[in-house]
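In what follows, a structure is listed as structure tokens, so that the remarks can point back to it.
The values are calculated or read from the model by the stated rules, or taken from the named source; none is laboratory data. The structure presented is a predicted model; accordingly, all values stated were derived computationally and were not measured. For neighbour counting, all protein chains shown are included, and Cβ atoms are generated from backbone atoms with ideal geometry for every residue, glycine included.
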Amino acid sequence: MAETNLLSPKPDFVLYGGDIAQLGLKEEIDHGLELLSPLRYKTYHALGEHDYYLDLGEYWERRIGPQYYSFDHKGVHFVVLNSILTHDDWINKWPTPMDRMMTMAGLDNPEGSPFMVGDKQREWLRRDLAKVAKTTPLVVLSHSPLQKIFRNWNFWTEDAEQVQALLAPFERVSVLYGHVHQIQYNQIGNISFNSAMATAWPWPYPETYAQAPSHLPVLTVPMNRADPFQERDATGWQFVDIHSGRVALNYSLNDNGNRVVAYNAATGQPEDQGFQPADARIPPQTHY
Amino acid sequence: MKFRLSIGAMALLVAGVPLANPPLGLPPVPVPADNPQTPEKIALGERIFHDKRLSATGEVGCVSCHDPAMAFTDSPKRVSVGVNGLTGTRNAPTVVNAAYMKSQFWDGREPSLETQSHQPFVNPVEGGLENHAPLLAVVRSDPDYAAAFQRVYGKAGEQITMTEIGQAIASFERTLIAGNSPFDRYHYGGDPRALNDQERRGFDLYLNKARCVSCHVIEQDQALFTDNAFHNVGVGINQIQDEIPPLASAFLEAKRRGADVDKTVLTDPKASELGRFAVTDDISTVGAFKTPTLRNVARTAPYMHDGSLDTLREVVIHYNLGGKSQESDRVNPYLSGGIRPLDLSEPEIDDLVAFLEALTSPEFAATTATTTSPTGDEDHEPSTVTAQLPEAGERDRSDRPAAAEPGAVELRQPESGLHFRLPLGFPHPTHQGD
Ligand SMILES: [Fe+2]
């Protein structure tokens, strides 16, 4: 927060990508908002599964606001979605709200359920976008990626294709999402996808680095981290420059090198400004 | 039978000669390929280091603030005093072992020893010269200097520039190396008696509960006591934390308009507190300073970049409070994540201080030539004297190896009165890549 307040030029507002709480508890949401309180900017929030699955977003709504909404700013149309909903029968099957919350908070849990935007909200989105010119730059903020990456960890939105279809008619669309705690970027049609870093819960070190067995799913590529003694390494946040109508993310990565991922108009996709060429990449660590 | 060498308050560093084998606890000195060590160049650098003529008043040289008798600092001054009694904003770090640092100055604004020395001559609160021209005029015309530059570089007149001067000073500084402290003899030298019980408890705290080692690094075969990184540990900035946002933008604005970082941070006390940010413009480095070495720290009070803490005990209390010097202070929001309250008890604080006092190299261990050694008791009891001030509380190290190494001769250099120890038959310098 303190660092964000020092930004120059000043940002117009802050987007918070969700998961302000761990287990949806009131005191966690209060504590998170207290931590955010020094921010000197208007803040727009997205809802994460850790905020939601205890009381289905009731306290979050009371403290923060509606679960999905849109607004216009300097010629850009912003949409904030609740992308972490799931099937009603799953929601209703738990003996207690905390059982439900604990299940959704875990990874690789076969009892879990995939995230989705859902019919009702997609219909709202369709009507919201109907009012917007196709030439208007569109930015969508959601907690989970509105694309399908890895289902076991809900790096995934079950109805991603249907949401993408609603966004497809627009000339310039950028989807920003949280949840994954790592830098991801992708292009599907005219839609750019960029993830936010997280300020807490760094990904674990690769097994070779930690010198201990890893319990990451086999599909997961461990994150390269500079130095195991830096506790803030692999956390960070980003300044998003949207001047061109496309996003450029300037990642501030604590105890590590900063990175920039920006849309390249020539290639029509987001690209890392340092590591994009294959020979500029750091190979995954395979030894200590 | 015990004996104790009484050593004058003079450096007994292996100065003036290329260093072949690093002392216990230190790696070989990195020497850049384009500035190899030679005895003549080292001697020239030493001479410049001691030459007070090369300042606006003829009264300030490197040695004024990096005094061999004070472990190459200006202890006990809080901040350094330059020409005409002008004071800067920062405490002079030791030059001893600076050769191992990956960047120079508290904020790392100079990348090498070769370039670092260009600054003090022309800083308004240090050497006070307008520019380097008067200094170059002296070294180009002085017959002794002219002969030395000719010998070392084969250069004369206009060919002598700040590059040659910086190289010579750097070569001299690469001989200011000191290890072989009681800690080194205990940890690397296999002498279990080199640390007493209290110091050993302090060492354990240093590695574990107090977590000092995460920044002041000790490795398997060497200890530089620094990670060469920059951290905000809550010194100086706590008091002005609410002013940081306007200060930071004013500084960036001034820098865009061409303000000199070296001059600004040493003359403007508030800009000084911006730390590494002043160099990188990176907001994650506000109030961050370079982790200093802890070698010989008992000899270099006061402490921290602003000299605001008088004793090692105050330093440990600052860490114990989680990055603030007084209970009533408020920690600053840019504080390093590695700084948390430590919950050390009073005896544990004493133990940790005792450990820090065991990092003194033999060259700096003695007090004055007149010190008489206590006789008799060599038992290594925990000292009841904590070093409150640099002068106070000299420990009895009578049962420890004496300062001199076998096979060394002591020379007195007539000019400066400094003692130098020349290891017999020192071989040619070794050059490591950087
Ligand atoms: Fe999440």
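Per-structure values
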| quantity | calculated |
| --- | --- |
| Residue match in the stretch A:94-103 (condition: outside any loop (DSSP other than H, G, I, E, B) and within 14 Å of another protein chain (Cβ to nearest Cβ)) | no |
| Hits in the stretch B:275-315 - residues which are in a helix (DSSP H, G or I), in contact with a helix residue (DSSP H, G or I) (Cβ under 7 Å, 6 or more places away or on another chain) and within 14 Å of another protein chain (Cβ to nearest Cβ) | B:PHE277, B:ALA278, B:ILE283, B:SER284, B:THR285 |
| Residues located in the stretch B:217-248, provided they are part of a loop (DSSP other than H, G, I, E, B), under 16 Å from B:THR285 (Cβ atoms) and within 14 Å of chain A (Cβ to nearest Cβ) | B:ASP227, B:ASN228, B:ALA229, B:ASN232, B:GLY234 |
| Condition met for B:PHE172 (out of contact with any helix residue (DSSP H, G or I) (no Cβ under 6 Å at 6 or more places or on another chain), modelled with pLDDT of 95 or more and surrounded by 22 or more Cβ atoms within 10 Å (Cβ to Cβ)) | no |
| Residue check, B:VAL331 farther than 25 Å from B:GLU219 by Cα, of a type in the set (A, V, I, L, M) and at pLDDT below 95 | no |
| Only listed residue being in contact with a Leu (Cβ under 6 Å, 6 or more places away or on another chain) and of a type in the set (Lys, Arg), chosen from B:ARG340, B:ARG313, B:ARG276, B:ARG295 | B:ARG295 |
| Odd one out for B:ASN84 among (1) surrounded by fewer than 20 Cβ atoms within 10 Å (Cβ to Cβ); (2) closer than 24 Å to B:LEU312 by Cβ | (2) |
| Residue within the stretch B:256-264 that is within 11 Å of chain A (Cβ to nearest Cβ) and under 26 Å from the mean Cα position of the chain (by Cα) present | no |
| Whichever residue in the stretch A:1-50 is more than 19 Å from the chain's Cα centre (by Cα) and of a type in the set (Gly, Ala, Ser) and, among such residues, is farthest from the other protein chains (Cβ to nearest Cβ) | A:SER37 |
| Qualifying residues in the stretch A:183-197 (those that are within 14 Å of the ligand (Cβ to nearest atom) and away from chain B (no Cβ under 14 Å)) - the one farthest from the chain's Cα centre (by Cα) | A:GLN184 |
| Any hit, the stretch B:126-146, residues being buried (at least 21 other Cβ atoms within 10 Å of the Cβ) and not aliphatic (A, V, I, L, M) | yes |
| Condition check for B:PHE251: at positive phi and either part of a loop (DSSP other than H, G, I, E, B) or within 11 Å of chain A (Cβ to nearest Cβ) (or both) | no |
| Candidate set: the stretch A:110-165, residues that are of a type in the set (Phe, Trp, Tyr) and part of a loop (DSSP other than H, G, I, E, B); chosen: the one nearest to A:VAL240 (Cα to Cα) | A:TRP156 |
| The one condition in (1) buried (at least 21 other Cβ atoms within 10 Å of the Cβ); (2) away from the ligand (no atom under 15 Å from the Cβ); (3) outside any helix (DSSP H, G or I) that A:VAL180 fails to fulfil | (2) |
| Qualifying residues in the stretch A:67-92 (those that are hydroxyl-bearing (Ser, Thr, Tyr) and closer than 25 Å to A:SER244 by Cα) - the one farthest from the ligand (Cβ to nearest atom) | A:SER70 |
| Per-region count, the stretch B:272-283, residues surrounded by fewer than 22 Cβ atoms within 10 Å (Cβ to Cβ) and at negative phi | 4 |
| The stretch A:38-56, subset of a type in the set (A, V, I, L, M) and within 16 Å of the ligand (Cβ to nearest atom), residue surrounded by the most Cβ atoms within 10 Å (Cβ to Cβ) | A:ALA46 |
| Qualifying residue in the stretch B:122-132 (condition: in the same structural domain as B:PRO27 (by TED's automatic domain parsing) and closer than 30 Å to B:VAL217 by Cα) | no |
| Test: A:GLY18 is within 14 Å of the ligand (Cβ to nearest atom), within 30 Å of B:ASP282 (Cα to Cα) and either in contact with an Asp or Glu (Cβ under 7 Å, 6 or more places away or on another chain) or not polar (S, T, N, Q) (or both) | yes |
| In the stretch A:106-126, residue farthest from the ligand (Cβ to nearest atom) [restricted to those that are more than 30 Å from A:GLU171 (Cα to Cα) and surrounded by fewer than 19 Cβ atoms within 10 Å (Cβ to Cβ)] | A:PRO110 |
| Residue within the stretch A:58-66 that is away from every other protein chain (no Cβ under 14 Å), within 20 Å of A:VAL175 (Cβ to Cβ) and away from the ligand (no atom under 16 Å from the Cβ) present | yes |
